[in-house]
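Report on the following structure.
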Amino acid sequence: MRIATLLLFSLALAADDKTGYTDTPLIPGQKWKVHDAARPHPPQVAPGRPLASIPAPADADVLFDGKDLSKWIMRSRKGETAPANWKVENGYFEIVSPKDGRWNMVTQEKYGDVQLHLEWMIPKEENGRGQAGGNSGVELMSRYEVQVLESFENVTYADGQAAALYGEWPPLVNASPQKGEWNSYDIFFEAPRFDGERLVKPAYITVVHNGVLVQNHRSYKGPAAHRINKPYVPHGEDSLSLQDHGHPVRYRNMWIRRLKDHQ
């Protein structure tokens, strides 16, 4: 009985999405493990208020205008698709998890290099902890994630808090407001480049959270994954994806621009 108890205690220490993990692999090029329990959390910085809600420029694709989800479809974990059905009201849409499992919402259009603006909120009623603290995520090309989470008071592993590149890089600072307040992300994304099966250049991203630079031209080691390192697999342009983790996260004012060099 004592051995079994010690084993259970050891497993509990190795797996805790509130404080982090001790049994995961090293992140390539870093001294930290994936979701490392020992990794320091970034300092908290109060963002400027009121939030600057940036309107879409003329050459942007407006992904959500406050009225409908016509630019989106639903996609299941198995790859099945269906019409977009998250709740739309009061100028925002809110994640609604179906009874048959979680379906991400993805754009009908596919994108590569982009500038993306969006605003999101964790409702005051959300009381989860760790990765259950209002979890969602913005996945560029349906692979490269910027985390969405309540991170003003809620504590989780550093590379899984709001504005983290999930499983890789915590934000430089924590610019999260209190629950019930809107956040903004301004994201500048460079898609990876491949030569056949060979990776020529990794994906790079810059993220401004509530007007504060939190990811400064960071490279991705590969697609986002939980507790593991996931390698690059060659791919082309793909949909923007918003994750459903079973929490009623809200989004509004979302637009995207394709980045092209006209020189």
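The values are calculated or read from the model by the stated rules, or taken from the named source; none is laboratory data. Since we're looking at a predicted model, the values are computed, not measured. Neighbour counts run over all protein chains shown; Cβ positions are idealised from the backbone, glycine included.
At-a-glance table
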{"read-out": "Residues that are touching a Lys or Arg at 6+ places or on another chain (Cβ under 6 Å) and among the charged types (D, E, K, R), drawn from segment 213-259", "value": "E237, D238, D244"}
{"read-out": "Count - residues of segment 35-84 that are in a loop (DSSP other than H, G, I, E, B) and within 17 Å of Y185 (Cβ to Cβ)", "value": "14"}
{"read-out": "The listed residue being surrounded by 20 or more Cβ atoms within 10 Å (Cβ to Cβ), at pLDDT 95 or above and either within 30 Å of D68 (Cβ to Cβ) or hydrophobic (A, V, I, L, M, F, W, C) (or both), out of V207, V200", "value": "V207"}
{"read-out": "Of all residues making up segment 99-137, the number that are among the small types (G, A, S) and under 30 Å from R193 (Cβ atoms)", "value": "3"}
{"read-out": "Residues of segment 116-134 satisfying the condition of being surrounded by fewer than 21 Cβ atoms within 10 Å (Cβ to Cβ) and among the small types (G, A, S)", "value": "G128, G130, A132"}
{"read-out": "Selection from segment 85-107 of residues that are closer than 19 Å to R252 by Cβ, more than 17 Å from the chain's Cα centre (by Cα), touching a residue at least 24 places away in the same chain (Cβ under 8 Å) and not in a strand (DSSP E or B)", "value": "G91, V96"}
{"read-out": "Number of positions in segment 157-194 that are in a strand (DSSP E or B), under 22 Å from V114 (Cβ atoms) and not basic (K, R)", "value": "11"}
{"read-out": "Residue satisfying all of: in segment 210-263; more than 22 Å from P42 (Cβ to Cβ) and basic (K, R); farthest from the chain's Cα centre (by Cα) among these", "value": "K260"}
{"read-out": "Test for D113: is it at pLDDT 95 or above, over 23 Å from R227 (Cα atoms), surrounded by fewer than 12 Cβ atoms within 10 Å (Cβ to Cβ) and acidic (D, E)", "value": "no"}
